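First the structure, in the form of C-alpha cells, and then the observations on it.
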Amino acid sequence: MAGTIVEADNADGIIMRIETKSQKIESLLKQYKHVEALKTALEGSPPKTRDERCKSANWIVVHRAIMAIKDIDGMLIALDVEYYDILMKYLYRGLSTGDRPTCDQCLKIHEKLTERAGLGCILRCLTDTVNTV
Amino acid sequence: MAVVDVHRFAESITCHAWSPDHSMVALCPNNNEVHIYKSSQDQWERLHVLQKHDQIVSGIDWSSKSNKLVTVSHDRNSYVWSFEGGEWVPTLVILRLNRAALCVQWSPKENKFAVGSGAKTVCICYYEQENNWWVSKLIRKRHESSVTNVAWHPNNILLATTSTDGKCRVFSTFIKGVDTKDPKAGSPAESKFGEPILQLDLSYSWAFGVKWSPSGNTLAYVGHSSMIYFVDDVGPSPLAQSVAFRDLPLRDVLFISEKMVIGVGYDSNPMVFAADDTGIWSFIRYIGEKKAVSSGSSYSSQFSEAFGKFYGQSKSATTNDASESSKSRGGVHDNCINSIVSLSKSGSPKVMRFSTSGLDGKIAIWDLENMEEELGHQF
C-alpha cells in the first residue's frame with residue numbers, strides 16, 4: 001500500500017512538470033521551433049509511472065508538438081536518434097486514438113521514421129510493455 | 001564469400017549439432033526425430049535416424065571428447081545417446097519437468113549438461129557411476145518464465161540463462177562429487193549449487209540466445225526488442241552495454257573472438273558486432289553483404305553504472321542514412337535463423353568457421369578465413 005501512496009505524490013509532481021513543459025512548448029511553437037518543441041515534449045518520457053493521468057497529460061503535450069510538424073523529413077534529420085524509439089511509441093499511441101487528423105499525421109511520420117530507424121525501432125516499441133506511454 | 005556450403009535438409013530445422021570431427025551433423029527436421037548426416041564427396045548422406053522422442057526435438061548437443069549426443073524435446077524428456085557397435089544407443093534421462101524442455105548444452109568438461117525448460121526451471125544433469133544413471137538436479141529459483149537458452153562458462157561451474165521474462169541470469173552449478181573446488185579462493189565459482197550470481201534486467205521483452213566469450217570474461221545475449229546486450233565483469237558490479245540495431249531481432253549469438261560477435265535471427269542474415277579499443281560494442285555490418293554499412297546505422301547506449309538503467313542514454317548518436325533492408329540482398333537463408341554453432345575446437349580463442357540453421361531448413365557453413373580484412377582489426 002505504501003507504494004501506491006508514493007506513486008500518487010510522485011504523479012502530482014510529474015503532472016506539475018508536464019504543465020511547465022506545456023508552457024515551454026507553446027512558446028517554442030510560437031517561435032516556429034517545432035523540433036525543439038517536440039524534443040521538449042518527448043523529454044523525460046515515458047514517465048516512470050503507471051499512472052494513466054501522467055501518461056495522458058504527457059500525450060496531450062506530445063500530440064500538440066506532433067501536430068505542429070510540417071516538414072517531417074527536416075524534423076527527423078534535426079531530431080537526435082535517441083528520440084526515435086520514444087517518438088515511435090507516441091506515434092502508436094496517436095494511431096490508437098482513431099482520430100482522423102491525428103492518425104493522418106502519425107502515419108505520415110511513421111512511414112518516414114521507419115525508413116530512417118528501421119523495423120528494429122517498431123519492434124522496440126511493440127515489445128516494451130514496461131515503459132509504456 | 002564467407003559461405004562455404006549450404007544444404008537444405010528439411011522443411012525446417014529446429015536445432016543442429018556437429019560431431020567432434022565436424023564430418024557429421026545431427027539435426028531435428030521439425031519433428032520428433034533426430035537425423036544424422038555425413039558429408040561425403042559434396043553429398044550429404046543420411047546415416048541414422050534417432051527415434052525415441054514423442055514430440056519436437058528442441059535441443060541437440062554433441063560432446064566433442066566423449067562423442068555423446070544429448071537431445072531434449074517438448075515431450076519433457078532427454079536422452080543421452082552413445083555410439084556402440086554401429087548404433088546409437090539411448091539412455092533416458094528423467095528431467096522431472098512438467099513442461100517442455102527447450103534447450104540443452106554439454107558443459108565444457110562434458111561431465112554435466114544443462115537443460116532449459118518451459119517449467120521456469122533449469123536442470124543440471126550429471127552421471128552417477130554407482131547407479132549407471134543420469135541424475136537431474138533442478139534450479140527452481142528465480143526464473144519467472146520459460147528458460148530459452150543456456151550457456152556454460154569455460155570454468156564448468158557458471159551457467160548463464162536467458163528467459164522470456166526478459167532477464168539474463170548467471171547461476172553456480174557446483175555439484176559435490178562432480179566438480180572440484182576452484183583453487184582460487186573467493187571466485188564466484190565457489191558458490192553452492194543453484195546460487196544466483198547475477199541477474200541482468202536490461203531487456204523489457206523476451207530474451208533468447210546467450211553466450212560467453214572464449215575466455216569467459218564477457219557475456220552476450222539478445223532480446224526480442226532488436227537489442228543485443230554485452231556484459232563485462234560478471235560478478236557483483238557488472239559493466240553492461242545495450243546496443244540497438246535497425247532491423248529485426250536476433251535469436252542466437254556466437255562469439256568469434258573476444259571482441260567480435262555474430263548474431264543471427266529473424267533478419268535471416270547474420271550480423272557482425274564488434275568492440276572497439278575502448279570496449280564499446282557496436283553493429284558493424286551484415287556478413288552476407290559486400291559493402292560495409294556506415295557505422296552510424298546503429299545507435300548504441302553505453303553506460304557503466306551496472307544494470308537496470310540503460311534506457312535512452314545513447315551518446316554515440318549519429319544520424320543514419322537509411323540503407324535497404326537485408327531482405328533485398330538475397331541472403332543465404334530465406335527465413336529466421338534460430339541457431340548458430342561454432343565449428344572450431346572447443347576452447348580455441350577464435351572461431352573461424354561456424355554453421356547456422358533456421359526455419360528454411362538449410363544449414364549454412366561460414367568461413368571467415370578470407371574475411372579478416374573486411375571485418376577489420378578487431379577480429
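The values are calculated or read from the model by the stated rules, or taken from the named source; none is laboratory data. All values reported here derive from a predicted model rather than from experimental measurement. Reconstructed Cβ throughout: ideal geometry from the backbone, glycine too, with neighbour counts over all protein chains shown.
Restricted to the stretch A:59-81, and to residues there that are farther than 21 Å from residue B:246 by Cα and of a type in the set (Gly, Ala, Ser), the residue that is farthest from the chain's Cα centre (by Cα) is A:68. Within the stretch B:7-60, the set of residues being surrounded by fewer than 15 Cβ atoms within 10 Å (Cβ to Cβ) and in contact with a Lys or Arg (Cβ under 7 Å, 6 or more places away or on another chain) comprises B:8, B:23, B:45, B:47.
Look at (1) touching a Gly at 6+ places or on another chain (Cβ under 8 Å); (2) assigned to a loop (DSSP other than H, G, I, E, B); (3) more than 23 Å from residue B:338 (Cβ to Cβ) and you find that residue B:174 fails only one, number (1). Checking each residue in the stretch A:47-74 for being farther than 23 Å from residue A:131 by Cβ, in a helix (DSSP H, G or I) and not small (Gly, Ala, Ser) picks out A:67, A:72, A:73. Being of a type outside the set (Lys, Arg), modelled with pLDDT under 90, in contact with a Gly (Cβ under 8 Å, 6 or more places away or on another chain) and assigned to a strand (DSSP E or B) is a description that applies to residue B:198. Within the bounds of the stretch A:60-74, is there any residue that is of a type in the set (Val, Ile, Thr) and farther than 18 Å from residue A:24 by Cβ? Yes: one or more hits.
Of the residues that sit in the stretch B:134-150 and are among the polar types (S, T, N, Q) and outside any loop (DSSP other than H, G, I, E, B), which one is surrounded by the most Cβ atoms within 10 Å (Cβ to Cβ)? Going through the qualifying residues, I end up with B:149. Here A:102, A:97 are screened, and the one residue that is farther than 25 Å from residue B:267 by Cβ, buried (at least 16 other Cβ atoms within 10 Å of the Cβ), out of contact with any Pro (no Cβ under 9 Å at 6 or more places or on another chain) and among the polar types (S, T, N, Q) is A:102. With respect to being more than 14 Å from chain A (Cβ to nearest Cβ), in contact with a Pro (Cβ under 9 Å, 6 or more places away or on another chain), under 30 Å from residue A:126 (Cα atoms) and surrounded by fewer than 24 Cβ atoms within 10 Å (Cβ to Cβ), residue B:170 falls outside the description. Among the residues of the stretch A:117-131, the one identified as surrounded by 19 or more Cβ atoms within 10 Å (Cβ to Cβ) and touching a residue at least 40 places away in the same chain (Cβ under 8 Å) is A:125. Among the candidates A:30, A:24, A:55, the residue that is closer than 19 Å to residue A:126 by Cβ and away from every other protein chain (no Cβ under 14 Å) is uniquely A:55.
Considered as a group, the residues in the stretch A:110-133 that are more than 7 Å from every other protein chain (Cβ to nearest Cβ) and not in a helix (DSSP H, G or I) include one that is nearest to residue B:203 (Cα to Cα), and that residue is A:132.
Of the residues screened, residue B:220 is not one that is closer than 20 Å to residue B:154 by Cβ, more than 13 Å from chain A (Cβ to nearest Cβ) and surrounded by fewer than 23 Cβ atoms within 10 Å (Cβ to Cβ). Looking across the stretch B:223-252 at every residue that is under 15 Å from the mean Cα position of the chain (by Cα) and more than 16 Å from residue A:85 (Cβ to Cβ), the one that is surrounded by the most Cβ atoms within 10 Å (Cβ to Cβ) is identified as B:250. The test for being surrounded by 20 or more Cβ atoms within 10 Å (Cβ to Cβ) and within 12 Å of another protein chain (Cβ to nearest Cβ) holds for residue A:89. For the stretch B:70-94, the set of residues classified as farther than 21 Å from residue B:147 by Cα and part of a strand (DSSP E or B) consists of B:81, B:82, B:83, B:84, B:87, B:88, B:89, B:90, B:91, B:92, listed by residue number. Here residue A:56 passes the criteria (1) surrounded by fewer than 17 Cβ atoms within 10 Å (Cβ to Cβ); (2) more than 12 Å from the chain's Cα centre (by Cα); (3) closer than 20 Å to residue A:93 by Cα except the one numbered (2).
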